[in-house]
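Undergrad: Can you read through this structure? Questions will come right after.
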Amino acid sequence: MLLLRCPLPLLLLLLPLNSRPQKLPTRDEELFQMQIRDKAFFHDSSVIPDGAEISSYLFRDTPKRYFFVVEEDNTPLAVTVTPCDAPLEWKLSVQELPEEASGEGSGDPEPLEQQKQQMTNEEGTELFSYKGNDVEYFVSSSSPSGLYQLDLLSTEKDTHFKVYATTTPESDQPYPELPYDPRIDVTSLGRTTVTLAWKPSPTASLLGQPIQYCIVINKEHNFKSLCAVEAKLSSDDAFMMAPKPGLDFSPFDFAHFGFPADNNSGKERGFLKSSKFGRQTSPKLRVDLHRVCIGNKNIFTVSDLKPDTQYYFDMFAVNTNTNMSTAYVGTFARTKEEAKQKTIELKDGKVTDVFIKRKGAKFLRFAPVSSHQKVTFSIHSCLDAVQIQVRRDGKLLLSQSVEGVRQFQLRGKAKAKYLIRLKGSKKGASMLKILATTRPNKQSFPSLPEDTRIKAFDKLRTCSSVTVAWLGTQERNKFCIYKREVDDSYNEEQKKREQNQCLGPDTRKKSEKVLCKYFHSQNIQKAVTTETIRGLQPGKSYLLDVYVIGHGGHSVKYQSKLVKTRKFC
């Protein structure tokens, strides 16, 4: 009875040791194929199979530990953790495996509890840690041999998650690859319909893998993974029923190792009756979230939408062989108003999001309720440049092209009404934020210098650092700088295709953050700050972004800067 209650990884990894050392394989192909066919084998166990994604469950504030073995030094390793419906804290560490059993050569196995303590009580070397709800990964081209431990914790609520680990990341490639432009384009916009188009995944077009596309529509926010979508689709649970506390193993786990399954356990845990280890979903779906898979088409029209309503659209490429997915860059769009609603009313001091289809136009109206001397329009264009025209009581006051952040101050007039016309770009759909106010101190957007470029000092480049500078203003603002390693082929055109500029630092990975600091200067000629970014790799290219965050919490990104460290020093 004691043996049956022991965690499964110890049954696998801590079997009695013979006098001759015994290695543990990392990628036995016959075993791997068996794992793929029967995923119930690893459900509720603490062993991560090599090259297969597992789904599991965490109770709030109850940590969970997983194990896997890397047999040889200098082995490639990739570990991906996908949170579903709550942020996770996770840590990857490694410790050495014992070479031989003790017992002074008697050949007698060590007691199981002694082996437990030997293998699991030691603190391993931490390799990576992360906290958040992003799909995060650890990748190493050369990992040491040893027993690897993956510790996970959810502090917010009970939640599901997925884990994928492999020692052959170059050949596996289970996740579909994104195209060079991973955005979803809104090609047509109606009162009840939105037509979406996207570029196909190279996994389908070049490698010939079976890929299908799944679209997710909702009115709340974009999703970072298909796992997060499926977690919300069910009103009660996500991938499987929550395991009961104290019942951590499926009877299938022991059956595969020669242990008889308890006939009553299957009745007690109805979610394990299926050969897919109980992957059941509730038929009662949330009415505000919809998912549809459309095969390998790369254009789709979403219908039966409500007029004048903002929707968020996400696209996921799913490899039907592996059932693993990759998210495109999501977008949002507001359906057209009913015929009687021709303009959008702007409220004094409130930021309004506006979506404009390609070559389209939007009309906005601002009618201050009190007398005013001046009126200020602040605009933040998220993607390409937009044209703005402002008329006061029919008289044209302003007509300009806006790219990035611009502010216009116009002379006011008692009881005046302002009509704003926004015209989209010819290149594609436009998204922007606009603020109209009669109060000069009501500014949600941070002040910006005329030049928002980041300057890199070539003479100060080293193999592990770069030094950059940027301009500030007389207003004290918070600046945050982020870095991201990119391929050497990354160029200015690719930089323009990045996700929209209105997304703030909260959308970036924690590992990409360099630092945040406050900065200003009363002398505008001296409003310059420099930073040296260290810890970089020799001969690598990095994309640097600086965000300035205003007092209202709205952030604006400076122009991205592509830098490269020296290869030889």
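The values are calculated or read from the model by the stated rules, or taken from the named source; none is laboratory data. Just so it is clear, the structure is predicted and the values come from calculations on it, not from any experiment. Don't worry about glycine lacking a Cβ; one is built from the backbone with ideal geometry, like all the others, and counts go over all protein chains shown. Accessible surface areas use protein heavy atoms only, side chains included; no ligands, DNA or RNA. Shrake-Rupley method; radii C 1.70, N 1.55, O 1.52, S 1.80 Å.
Undergrad: Please go through the stretch 463-486 and give me each residue that is more than 30 Å from Ile434 (Cα to Cα), open to solvent by 50 Å² or more (accessible area, probe 1.4 Å) and not in a strand (DSSP E or B), ordered by number.
TA: Ser464, the sole residue that qualifies.
Undergrad: Out of Leu289, Leu285, Leu272, report the one residue that is open to solvent by less than 30 Å² (accessible area, probe 1.4 Å), of a type outside the set (Gly, Ala, Ser) and at pLDDT below 50.
TA: Among Leu289, Leu285, Leu272, only Leu272 is open to solvent by less than 30 Å² (accessible area, probe 1.4 Å), of a type outside the set (Gly, Ala, Ser) and at pLDDT below 50.
Undergrad: Could you identify the single residue in Thr166, Thr195, Thr187 that is of a type in the set (Val, Ile, Thr) and assigned by the TED database to the domain that holds Leu58?
TA: Only one candidate qualifies: Thr166.
Undergrad: Considering each of Lys64, Lys91, Lys39, Lys23 in turn, give the residue that is open to solvent by 40 Å² or more (accessible area, probe 1.4 Å), modelled with pLDDT of 50 or more and farther than 17 Å from Val139 by Cα. Reasoning before the result, please.
TA: On the way: Lys91 fails: farther than 17 Å from Val139 by Cα; Lys39 fails: modelled with pLDDT of 50 or more; Lys23 fails: modelled with pLDDT of 50 or more.
Exactly one of Lys64, Lys91, Lys39, Lys23 is open to solvent by 40 Å² or more (accessible area, probe 1.4 Å), modelled with pLDDT of 50 or more and farther than 17 Å from Val139 by Cα, namely Lys64.
Undergrad: Provide a single number: the residues in the stretch 162-171 that are surrounded by fewer than 17 Cβ atoms within 10 Å (Cβ to Cβ) and either at pLDDT 90 or above or not polar (S, T, N, Q) (or both).
TA: 1
Undergrad: Please pick out the residue among Ser141, Ser129, Ser106 that is modelled with pLDDT of 90 or more, open to solvent by 60 Å² or more (accessible area, probe 1.4 Å) and polar (S, T, N, Q). Steps first, please.
TA: Details: Ser141 fails: modelled with pLDDT of 90 or more; Ser106 fails: modelled with pLDDT of 90 or more.
Exactly one of Ser141, Ser129, Ser106 is modelled with pLDDT of 90 or more, open to solvent by 60 Å² or more (accessible area, probe 1.4 Å) and polar (S, T, N, Q), namely Ser129.
Undergrad: Could I ask something else about it? Those residues that are modelled with pLDDT under 90 and within 16 Å of Val402 (Cβ to Cβ), I need them from the stretch 363-373; list them, please.
TA: none
To keep it simple, each residue is scored yes or no on (1) open to solvent by 50 Å² or more (accessible area, probe 1.4 Å); (2) within 30 Å of Gln409 (Cβ to Cβ); (3) without any contact (Cβ under 8 Å) to a residue 24 or more places away in the chain.
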residue: Arg439; (1), (2), (3): yes, yes, no
residue: Ser447; (1), (2), (3): no, yes, no
residue: Lys459; (1), (2), (3): yes, no, yes
residue: Ser489; (1), (2), (3): yes, no, yes
residue: Thr529; (1), (2), (3): no, yes, no
residue: Arg534; (1), (2), (3): yes, no, no
residue: Gln537; (1), (2), (3): yes, no, no
residue: Gly550; (1), (2), (3): no, yes, no
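Undergrad: Within the stretch 144-161, restricting attention to residues that are in a strand (DSSP E or B) and open to solvent by 20 Å² or more (accessible area, probe 1.4 Å), which residue is nearest to Val79 (Cα to Cα)?
TA: Asp151
Undergrad: Condition (residue is crowded, with 18+ Cβ neighbours inside 10 Å, farther than 20 Å from Ala231 by Cβ and either of a type in the set (Val, Ile, Thr) or at pLDDT 80 or above (or both)) applied to the stretch 115-125: is it met by at least one residue?
TA: yes
Undergrad: Still on this model: Does the stretch 203-222 hold any residues that are surrounded by 16 or more Cβ atoms within 10 Å (Cβ to Cβ) and at pLDDT 90 or above, and which are they?
TA: Hits for the stretch 203-222 are Ile211, Gln212, Tyr213, Cys214, Ile215, Val216, Ile217, Asn218, Asn222.
Let's see how each residue does on (1) touching a helix residue (DSSP H, G or I) at 6+ places or on another chain (Cβ under 9 Å); (2) polar (S, T, N, Q); (3) surrounded by 18 or more Cβ atoms within 10 Å (Cβ to Cβ); (4) modelled with pLDDT under 90:
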residue: Ala317; (1), (2), (3), (4): yes, no, yes, no
residue: Ala327; (1), (2), (3), (4): yes, no, yes, no
residue: Gly330; (1), (2), (3), (4): no, no, yes, no
residue: Thr335; (1), (2), (3), (4): no, yes, yes, no
residue: Glu338; (1), (2), (3), (4): no, no, no, yes
residue: Thr343; (1), (2), (3), (4): no, yes, no, yes
residue: Gly349; (1), (2), (3), (4): no, no, no, yes
residue: Lys359; (1), (2), (3), (4): no, no, no, yes
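Undergrad: Given the options Ser399, Ser425, Ser370, name the one that is farther than 20 Å from Gly504 by Cα, in contact (Cβ under 8 Å) with a residue 24 or more places away in the chain and open to solvent by 40 Å² or more (accessible area, probe 1.4 Å).
TA: Ser370
Undergrad: When you scan the stretch 498-510, do you find a residue that is in a helix (DSSP H, G or I) and under 16 Å from Asp451 (Cα atoms), even just one?
TA: Taking every residue of the stretch 498-510 in turn, none turns out to be in a helix (DSSP H, G or I) and under 16 Å from Asp451 (Cα atoms).
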